[in-house]
Every structure is written in structure tokens, then in C-alpha cells.
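Novice: Dropping the structure in here first, questions after.
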Amino acid sequence: MARFLSPSLLLLSAVLFSACGEDAPPGSDPAKPAAFTATQVSTAQSLAAAPGFADQSGGGIFATATGEAVRLRLDGTKAALAPHPQNKAPLGAVRATFRLGPHSALVETDSGLFLADQGWLIEPLWQEVLGTGIIATAQTADGAAWIAHPKGLFQIQGGALASLKLSGQPLTGITAMTAAPAEDGLAGLWFAREGRLNVVVASAPGVYQVRGSDAPFGSGETVRALAGLSAGTGTAGEVWVLTSTRLLQRNKNGWTPVSLPALPEQLLGSGRYLWARAGDRLFTYDADAKVWGSAQGLPSGAVTLLAADESGCAWVRVGDQALAISQTPAPRVTGMHQGMVVVEDGLVVQARLPPGTPPKSVVFQLEGQEITAAGPAFSMGGLEADGETLKAFSFSSLTSGGHALSVVSRFEDGTEARRQLHFTYQPISTVPSWARDIRPIHEARCAKCHTTSPGRPLNTYELWKSNAQLINAAVRDLRMPADGPLDQQGIALIQRWVSSGALP
């Protein structure tokens, strides 16, 4: 199997380090977190205090205390996960797991890197080029996946690695990284280097600028951790910076220092939720509601944040126990993920209920208006189980643009638990064909694995058509191609091709 490194990405401008004033601006925003009794789901698996991946539909992939990779379900039970039989490198002891997309993870082991997909750990083509030692990963709003490594800053581009360089030299020395809008609103990749804060933006396709930041650092103040929150409907995303002395938030209104009862030591962001650990205390911030919470009722012991997902759930290690915790027993969702571009008017979306007391009812809401959608699967759009009957609701009534979908569990005691997803609807305006639009994608990104092996054969129009729904779900959820997700245009083309009848 060939292994290669693609040409370096073109860098447009030099790094301009932050021109920070000697003193931080006076005053800060007191967070005043409200105490809540955390909803907890435990697992019998003993997890290592190492970074993990949390899937927003429930569960995740983690390193165990014995150095194995484990895939967990929403209820904490173990699911299938094994090395792919076509791998050449042995798996080795697992060090950590990193997020690449909504449903895809990168597992780092002593022997190299492996992509986790549908129960398999797959050796990527660029395995030997990069090697171990990942510092951080991030996916920017334009769909690009990034890896910060001691060798430099890399983007997964066309199934290969591309190195972002400055004046011909790799960007080494990165200590933290996250995705969030730049100060001018463009899709941004924030990183800390030599204690300073910088942001990468695309000024044109394949052309990137590395800019300094206007963060109001004081004398000697350095960056310790970064976390990014994605955009909501009509609301921009934001970046959070943990420095050596304080916590800073940057949204469309600029920079604001935020005062928690104690300075955090860990920071994780996902979707519209932020988690912060200060000693053995856990705080969470809901960017839609603009409120802070303080988790109560956890077991005693040292606390480590392992991963967070877009539903507002965090996986934590408390003493020797591993738990998934959240403010409420919010339902999860399959068929849609946070920030997704929807092109299908009959998309099937399903609610998945966490373990515990079942709700009295589960309802869908769109822009706050309730939608009639009967259980027990709580699907909406698309076809009923008989494959013929239309469901009660179709996305075809939506206008093009940003929307918010909520799934709400209502309980006998009058309480509610809510999962809200922000998405963009772009209805089909053109009808793609296999020969003109899809076959080039197959040849460029799919053929090397899906002609004979290791994946199922997909080298003809007939095979693509017969597997259209499986392919659609895999690329929509950013699980395929196995060596890195397609760009947004490729994903939209495949979705439109399937939705419009999979024409030859």
C-alpha cells in the first residue's frame, strides 16, 4: 500500500504575534454557576486519564487503564471495536483518542495512528508519515480536519496529509488548538505557540493566512488551553482561552474575562457547550441559554475530563470510576448532527433515550414550534417502516438557511430534558448524475479501498446505487472516506444524488 505526503498547503502571510497590552482590561463577567445534580451513566470499563472521543449520538471511544481501545454505547456498555484485518501495523497499547468529525475518531497507539469507523480500527495511508505524539485535533467550519503534531500543523486533504508551513518551515511548537470563528467571522483554527495565540483562516481555496490575535493578554500571561464552540442559528461561534491567570471568552462582542469560583485546569468545548474542571469541581456553560452550571452529586475522588459532545454531555474519570454526566437526561439524535448541511427533504431523524426513568412523552420542535411525530421510534421525515407510508413531517416545508431542531423528553414530574441541534437546509436545486458528479469522487477518494478490498466493492454505478443509503449515511456523518472526510461540496453532491433518485 503506497504511503505519501502531499505537497504543503500554500501559506499567504507571516505569523503576527499578539500585540498585547501590559494590563488586562478591568473587570470581568462573574459566571455565578447554578448547582445541579448531575445525571450520571456509569460504565464497568476502567478508563485511563487520557483524552477520549465522545459521539454526540451517545457513547464514544476511549483508552482503558490497561492500554486497550474501547468503544462505549449510550448506556455505558461495551460495543465492538477491533483492528481491521487488512492493517499491516499491529495495534499496540492505546495512548489517547482524538476527534476528527461528528462520528469519527483518531486513535493513537504505541505503534501508530488508526481511524475508528463502525467497529473497525483502520490504518490510514499516512500512518507512517505522521507517527505518534498528537497534541490536538480540530475540524473547522469549512469541514477541514487538522492535526497538531510535534512535526508541525497538518490538514487531512484528499485522503493525504498536507503540511502548513511558514516561510518554508513547519509550524512546530503548538501546545493547544481548537476550531472557532476568527475575529473577522471567517472559519478559523486557533492555536497557541510559544505562549501566544494565533488563528489560521482560508483566504481562498487552499490558501491560508496565519494571523496574530488581539487577545488582551497582560504582561507574562500565556495560553494554557483552548476550546471552541460552534455557531448556533443566527449566533456566531466563540473561542475560549484558559491562560496562566484567567479565563477569556471571545464572541461577536469581543473579548471578555470570565470569573469562575476557581481557575480551571482543563477546558473542553463541543457544540454549544463548554466544560471546565477546577480541582475536583466541574462547571458547564450553555452558550444558547448563556448560563453556567456546577455539577453536584458526583462520587468522591480526583476528577479528569476525558471528552465532551454536542448534546452537553461530558465523559469524566472520578477516582477509578468512569461516568458520562450531563445536566439533564437529554435525548440523543441519530440521522443528524450539529452544524450539518441538510439537502434531503425526507431525512429520517430519530431520538435515542438515555438509560433511566423513561419520559412520559418525546416530541420534536422546529424553531420552537412542536411537530406531530408519533413514537415509538420518534422518526420524522422520510418513510415509515413499511417503506411506503410518508411520515408526518418533511423538511421540504423549510426555507433555505439556518434552523434549530429540538428533541424534548417530558417527564411525569413536569420536568423536561432537551437536545437542540443547529443545522443548515440547502434544498436540491440541481440533479447530479453518477457519470458526471459521483464517479470522479469515487475514483479520487473511494476506489483505493472499495474496488476489491478492504471495503465492500463499489466500483460500478450499479454497486453505488444498491448501496446508496449506506454510502449517504457514511459520508453525511463524516465517517467515510476512511482516510478523512470529503469536503462540504462532495458530501452535498452525494446526498443530492441519493435524494434525487441515484441517476446514472
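Novice: Filter the range 418-437 for residues that are under 22 Å from the mean Cα position of the chain (by Cα) and of a type in the set (A, V, I, L, M, F, W, C); which is surrounded by the fewest Cβ atoms within 10 Å (Cβ to Cβ)? Reasoning before the result, please.
Specialist: As a first pass, look at the range 418-437 and keep what is under 22 Å from the mean Cα position of the chain (by Cα): 418-426.
When the remaining residues are screened for being of a type in the set (A, V, I, L, M, F, W, C), the result is 421, 423.
Working: Leu421: 23, Phe423: 20.
Taking the candidates together, the pick is Phe423.
Novice: Anything in the range 220-244 that is closer than 30 Å to Thr424 by Cα and assigned to a loop (DSSP other than H, G, I, E, B)? List them, or say none.
Specialist: Matches in the range 220-244: Ser230, Ala231, Thr233, Gly234, Ala236, Gly237.
Novice: In the range 343-371, how many residues are assigned to a strand (DSSP E or B) and farther than 30 Å from Thr43 by Cα?
Specialist: Within the range 343-371, residues that are assigned to a strand (DSSP E or B) and farther than 30 Å from Thr43 by Cα number 5.
Novice: Still on this structure, please answer the following. Please go through (1) in a helix (DSSP H, G or I); (2) closer than 29 Å to Ala404 by Cα; (3) at pLDDT 75 or above for Gln489 and return the number of the only condition it doesn't satisfy.
Specialist: Going through (1) in a helix (DSSP H, G or I); (2) closer than 29 Å to Ala404 by Cα; (3) at pLDDT 75 or above one by one, Gln489 breaks only (3).
Novice: So Gly168 clears everything in (1) buried (at least 18 other Cβ atoms within 10 Å of the Cβ); (2) over 16 Å from the mean Cα position of the chain (by Cα); (3) of a type in the set (Gly, Ala, Ser) except one condition, right? Which one?
Specialist: It is condition (1) that Gly168 fails.
Novice: List the number of the failed condition for Thr372; all other conditions in (1) modelled with pLDDT of 80 or more; (2) under 24 Å from Ser499 (Cα atoms) hold.
Specialist: Among (1) modelled with pLDDT of 80 or more; (2) under 24 Å from Ser499 (Cα atoms), the lone unmet condition for Thr372 is (1).
Novice: Can you find, within the range 392-416, the residue that is surrounded by the fewest Cβ atoms within 10 Å (Cβ to Cβ) among those that are outside any loop (DSSP other than H, G, I, E, B) and among the aliphatic types (A, V, I, L, M)?
Specialist: This residue is Ala404.
Novice: May I ask you to verify whether Leu130 is among the aliphatic types (A, V, I, L, M) and modelled with pLDDT of 90 or more? Walk me through it before giving the result.
Specialist: Details: among the aliphatic types (A, V, I, L, M): yes; modelled with pLDDT of 90 or more: no.
The answer is no for Leu130.
Novice: Is it true that Pro26 is modelled with pLDDT under 95, surrounded by fewer than 17 Cβ atoms within 10 Å (Cβ to Cβ) and closer than 19 Å to Leu282 by Cα? Break it down stepwise before answering.
Specialist: Details: modelled with pLDDT under 95: yes; surrounded by fewer than 17 Cβ atoms within 10 Å (Cβ to Cβ): yes; closer than 19 Å to Leu282 by Cα: no.
Judged against the criteria, Pro26 is not a match.
Novice: Something else: Give the number of residues within the range 139-162 that are touching a Lys or Arg at 6+ places or on another chain (Cβ under 8 Å) and either within 16 Å of Gln209 (Cα to Cα) or among the small types (Gly, Ala, Ser) (or both).
Specialist: Going residue by residue through the range 139-162, those that are touching a Lys or Arg at 6+ places or on another chain (Cβ under 8 Å) are 139, 152, 158-159.
Right, trim to either within 16 Å of Gln209 (Cα to Cα) or among the small types (Gly, Ala, Ser) (or both) and you get 152, 158-159.
Qualifying residue count, the range 139-162: 3.
Novice: Please work out which residue is most open to solvent (accessible area, probe 1.4 Å), limiting yourself to the range 321-342 and to residues that are within 22 Å of Thr140 (Cα to Cα) and in a loop (DSSP other than H, G, I, E, B).
Specialist: Looking at the filtered set, the residue picked out is Gly339.
Novice: Now, a different point. For the range 49-96, enumerate the residues that are acidic (Asp, Glu) and either without any contact (Cβ under 8 Å) to a residue 24 or more places away in the chain or open to solvent by less than 40 Å² (accessible area, probe 1.4 Å) (or both).
Specialist: Result: Asp55, single match.
Novice: Kindly indicate whether Ser453 is out of contact with any strand residue (DSSP E or B) (no Cβ under 6 Å at 6 or more places or on another chain), of a type outside the set (A, V, I, L, M), at pLDDT 80 or above and open to solvent by 30 Å² or more (accessible area, probe 1.4 Å). Please lay out each step first, then the result.
Specialist: Details: out of contact with any strand residue (DSSP E or B) (no Cβ under 6 Å at 6 or more places or on another chain): yes; of a type outside the set (A, V, I, L, M): yes; at pLDDT 80 or above: no; open to solvent by 30 Å² or more (accessible area, probe 1.4 Å): yes.
Taking the combined requirement at face value, the residue does not satisfy it.
Novice: If only one of Leu248, Leu226 is out of contact with any helix residue (DSSP H, G or I) (no Cβ under 8 Å at 6 or more places or on another chain), in contact (Cβ under 8 Å) with a residue 24 or more places away in the chain and open to solvent by less than 10 Å² (accessible area, probe 1.4 Å), which one is it?
Specialist: After applying the criteria, what remains is Leu248.
Novice: Ok, one more. State which residue is nearest to Ala50 (Cα to Cα) when the search covers only the range 279-309 and only residues that are in a strand (DSSP E or B) and of a type in the set (Ser, Thr, Tyr).
Specialist: Thr304
Novice: Has the range 203-213 got at least one residue that is in a loop (DSSP other than H, G, I, E, B) and hydrophobic (A, V, I, L, M, F, W, C)?
Specialist: Within the range 203-213 (the criterion being in a loop (DSSP other than H, G, I, E, B) and hydrophobic (A, V, I, L, M, F, W, C)), the answer is no, since none of the residues qualifies.
Novice: Being among the aliphatic types (A, V, I, L, M), open to solvent by less than 20 Å² (accessible area, probe 1.4 Å) and farther than 16 Å from Gly60 by Cβ narrows it down to one of Leu115, Leu130, so name that one.
Specialist: The conditions single out Leu130.
Novice: Mind counting the residues in the range 187-223 that are open to solvent by 20 Å² or more (accessible area, probe 1.4 Å) and of a type in the set (S, T, N, Q)?
Specialist: 4
Novice: Could you run through the range 140-152 and say how many residues are surrounded by 20 or more Cβ atoms within 10 Å (Cβ to Cβ) and either among the small types (Gly, Ala, Ser) or at pLDDT 90 or above (or both)?
Specialist: Qualifying residue count for the region: 7.
Novice: Same structure, new question: Considering only residues that are hydrophobic (A, V, I, L, M, F, W, C), farther than 21 Å from Gly195 by Cα and either within 20 Å of the chain's Cα centre (by Cα) or modelled with pLDDT of 95 or more (or both), which ones fall in the range 216-261?
Specialist: Once the filter is applied, which keeps residues that are hydrophobic (A, V, I, L, M, F, W, C), farther than 21 Å from Gly195 by Cα and either within 20 Å of the chain's Cα centre (by Cα) or modelled with pLDDT of 95 or more (or both), the range 216-261 yields Leu229, Ala231, Ala236.
Novice: May I pose another question? Search the range 405-417 for residues being within 14 Å of Arg332 (Cα to Cα) and of a type in the set (A, V, I, L, M, F, W, C), and hand back the single one that is nearest to the chain's Cα centre (by Cα).
Specialist: Across the range 405-417, the extreme among qualifying residues is Leu405.
The values are calculated or read from the model by the stated rules, or taken from the named source; none is laboratory data. Nothing here was measured: the structure is a model prediction, and the numbers come from that model. Neighbour counts are summed over all protein chains in view; Cβ atoms, including those assigned to glycine, are modelled from backbone coordinates with ideal geometry. Quick note on the areas: whole protein, heavy atoms, side chains included, nothing else; ligands and nucleic acids left out. Shrake-Rupley method; radii C 1.70, N 1.55, O 1.52, S 1.80 Å.
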